[in-house]
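As structure tokens, the structure follows; a few thoughts come after it.
The values are calculated or read from the model by the stated rules, or taken from the named source; none is laboratory data. This is a predicted model, so every value here is computed, not measured. Cβ placement follows ideal geometry from the backbone for every residue including glycine, while neighbour counts extend to all protein chains displayed.
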Amino acid sequence: MNLLSLVNLSLKSDEVIEILEHYDVKVIYDFDRLRENSPDVYWASFHEAGFGFRFNEKQVLDAIFMYILPRRHYQPIDARYAGVPFYRNFAEARAAFQARAISFRNEPDGEGWIKGAFGEHTVHYEFNQEGALNQVTVMTADA
């Protein structure tokens, strides 16, 4: 399994359905309850595997949330499934982006996060107060 390869796939694609069935995960429809004209989204939470999916109003997978450390109901993800590198800390991530000439943004007043642009998707790395990698979010460039 390579989670990165799933970005931009339809909720009803064979690849996504296979993962949903493998983990016996239900998709939750999150509609605009307050009538604020916000788009409807769909969520799939893989607590035991350490990741979650968000599908946009067109039912396209536009965000994957990967939990490196235990968080709420999530166990840590197995890094082999991510499809993106995991950096131990902010400095390592920034050095890797700079070495590969990857366009990035980071927290202006600290080292809490860094986000790299990879064409059709972005990868957002979040670090905890101790400086350790805590969460990785892959999103479509237009999400």
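Side notes on the structure shown:
- Qualifying residue in the range 41-56 (condition: surrounded by fewer than 17 Cβ atoms within 10 Å (Cβ to Cβ) and in contact with a Leu (Cβ under 7 Å, 6 or more places away or on another chain)): no
- For the range 39-53, the criterion of being small (Gly, Ala, Ser) and more than 20 Å from LEU4 (Cβ to Cβ) is satisfied by no residue at all.
- Residue within the range 124-136 that is part of a loop (DSSP other than H, G, I, E, B) and touching an Asp or Glu at 6+ places or on another chain (Cβ under 7 Å) present: yes
- Evaluation of TYR81 against (1) touching a residue at least 40 places away in the same chain (Cβ under 8 Å); (2) touching a helix residue (DSSP H, G or I) at 6+ places or on another chain (Cβ under 7 Å); (3) exposed (fewer than 13 other Cβ atoms within 10 Å of the Cβ); (4) not small (Gly, Ala, Ser) (one fails), failing number: (3)
- Matching residues, the range 60-76, being in a loop (DSSP other than H, G, I, E, B), without any contact (Cβ under 8 Å) to a residue 40 or more places away in the chain and touching a strand residue (DSSP E or B) at 6+ places or on another chain (Cβ under 7 Å): PRO76
- Scanning the range 12-42 for residues being under 15 Å from ALA143 (Cβ atoms) and among the hydrophobic types (A, V, I, L, M, F, W, C) gives a total of 1.
- Within the range 46-59, tally of residues that are part of a loop (DSSP other than H, G, I, E, B) and within 18 Å of HIS124 (Cα to Cα): 1
- The residue that is surrounded by the fewest Cβ atoms within 10 Å (Cβ to Cβ), counting only those in the range 14-28 that are within 22 Å of HIS121 (Cα to Cα) and touching a helix residue (DSSP H, G or I) at 6+ places or on another chain (Cβ under 8 Å), is GLU15.
- If only residues of the range 1-45 that are β-branched (Val, Ile, Thr), in contact with a Phe, Trp or Tyr (Cβ under 8 Å, 6 or more places away or on another chain) and part of a loop (DSSP other than H, G, I, E, B) are counted, the one that is nearest to TYR74 (Cα to Cα) is VAL25.
- Checked against the criterion of being over 16 Å from ILE19 (Cβ atoms) and either more than 14 Å from the chain's Cα centre (by Cα) or among the basic types (Lys, Arg) (or both), the candidates ALA101, ALA79 yield just one match: ALA101.
- Flag for GLU126 being exposed (fewer than 14 other Cβ atoms within 10 Å of the Cβ) and modelled with pLDDT of 95 or more: no
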